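These notes concern the structure reproduced below.
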Amino acid sequence: MATESTATPALDSKQNVDIVDLISRFAPLIFLLLLILVMSILEPGFRSERNLFNVMRQISFIGIMAVGATFVILTAGIDLSVGSILAFAGIVGASAAKGTRGLLEGGVTDPGGIRVLYAFLAAIGVGLAIGLLQGGLIGKLGIPAFIVTLGGLGAWRGATLLWSDGQPISSFSDAFKFWGQGSIGPVPVPVVVFLLFVLIGHIVLKYTQYGRWIYAVGGNMEAARLSGLNTTALIVSVYVISGLCAGLAGFLLTSRLNSAEQVAGQGYELNAIAAVVIGGTSLFGGQGGVIGTFIGAVLIGVLNNSLVILNVSPYFQPIVVGAIIVLSVYLDQLAKQRAR
């Protein structure tokens, strides 16, 4: 009799597995694997090395920004300005490489060498400065993140137009183009940078005290403050990280396109947020991680690539991504309600 009574709870615990929670956790990965399997059957060329690296290169710019957005969203914040920061950082970086704020006559390239480093530092510096400014407005002045970054969405796009008088800056040296068009072995450089940022982001969030603080702020900011954490500094820091990622993405995208465009990064902020949310990071903060963001970014890239291969109208792509975002948030809310 004693054996039966002790075995029953164990059996019940197995039977009471929360299916909704499992789906909300692993649905993106399951859907990604199924999509890859189906597309590999329908179109054998889909799984070719060239196509897979092409997909990864296309998502790497959004993916880098999504890593930064993960830190922000983990604190229950939002950054709608990263696409505009990307464009502004790209145009400033291009100016640093060329030594001018306008398109040089005759398509004269930058001299390469140290100028490429200047461009990199300028783009990163712009991202850091904007992240610090916006983070200060949010963390120190208490202005809602949605309002601050929505304002930044328009302001930094306008700054991009003012900086170059509405003209693109194009035609760069091979040393500059290497960072967007080159490869390390068979792997494109932007993909290497993206994977490196995913690795660093994962280590920081999962294995450092700073990462634990970020989760604590997102889980319950007031409790985190009362426990002695400098919540203001932590809030500012995540927007600085987001700005840095956007600045780096701006440098890499300019290198990839061989041109700094005023329209660069339009809509990227929504795709970056989509990758984070689809990857399982809760918009309410305190739950998620960079690995999920990586899966979400790859899922969006594979989905868009699949629709192109199947000759589906490109106008249909944002509809599919939008539907997946809504479903992801719904599953997250449902799992939280069931947990309570």
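Each value in this text was obtained by applying a stated rule to the coordinates, not by laboratory testing. None of these values were measured; they are calculated from a predicted model. With ideal geometry, Cβ positions are generated from the backbone for all residues, glycine too; neighbour counts draw on all protein chains shown.
Quick one: helix 49-74 against the long Cα principal axis of the chain, what's the angle to the nearest 10°, folded into 0 to 90? For helix 49-74, the angle is close to 70 degrees. Using a simple spin-label model with pseudo-atoms 7 Å out from Cα toward Cβ, PHE146 and ASN220 lie 2.5 nm apart.
For the chain, the Cβ-based charge dipole about the Cα centre amounts to some 320 debye (Lys, Arg positive; Asp, Glu negative; other atoms uncharged).
What would the Debye formula give as log10 I(q)/I(0) at q = 0.14, 0.17, 0.19 Å⁻¹ for the alpha-carbon point model of region 202-267, no solvent? So the normalised log intensities work out to -0.57, -0.70, -0.77. Against the chain, whose longest principal axis is taken from its Cα atoms, helix 114-139 shows a tilt of about 50°. Most tightly packed first, judged by the mean number of other beta-carbon atoms within 10 Å of their residues, the peptides 79-91, 174-186, 151-163, 53-65 read 79-91, 53-65, 151-163, 174-186.
Note on VAL204 and ALA129: the model spin-label points, each 7 Å out from Cα along the C-beta direction, lie 2.1 nm apart.
Subtracting the Cα-Cα distance of LEU34 and ALA323 from 0.36 nm times their residue separation leaves 102.3 nm of extension gain.
With θ taken as phi - 60° and the Karplus curve 6.51 cos²θ - 1.76 cosθ + 1.60 applied, the whole-hertz 3J(HN,Hα) list for region 252-268 is 5, 5, 4, 5, 5, 7, 6, 6, 9, 10, 5, 8, 4, x, 5, x, 5 Hz, x standing for glycine and proline.
Gain on full extension, evaluated as 0.36 nm per residue between LEU334 and LEU195 minus their Cα-Cα distance, stands at 46.9 nm. Here's how it looks for SER170: its modeled amide H is under 5 Å from those of LEU104, ALA260, which are all 5 or more places away or on a different chain. From the coordinates of this entry, Cα extents along the principal axes in Å is computed, and it appears in [x] 68, 42, 37; [y] 90, 55, 34; [z] 59, 43, 40 under the label [y].
Label-to-label distance, ASN230 versus ASN311, with points set 7 angstrom from Cα along the beta-carbon direction: 6.0 nm. The residue list LEU229, ALA123, GLY99 was ranked by how far each Cα lies along the charge dipole of the chain toward its positive end, using unit charges on Cβ atoms, and LEU229 comes out on top. For the Cα atoms of the chain, what angle does the longest principal axis make with the long axis of helix 189-207, in degrees from 0 to 90, nearest 10? Rounded to the nearest ten degrees, it is 40.
What's the ranking of 271-279, 44-52, 67-75 by average number of surrounding C-beta atoms within 10 Å, highest first? Each step should come with its number before you reach the end.
Numbers: 271-279: 27.8, 44-52: 12.4, 67-75: 29.4.
Descending mean neighbour count gives 67-75, 271-279, 44-52.
Each peptide in 165-171, 315-321 receives the mean, over its residues, of other Cβ atoms within 10 Å, and ordering these scores from highest gives 165-171, 315-321.
Pairs of Lys residues in the chain, spaced 8 or more positions apart or belonging to different chains, with C-alpha separations under 27 angstrom: 4 in total.
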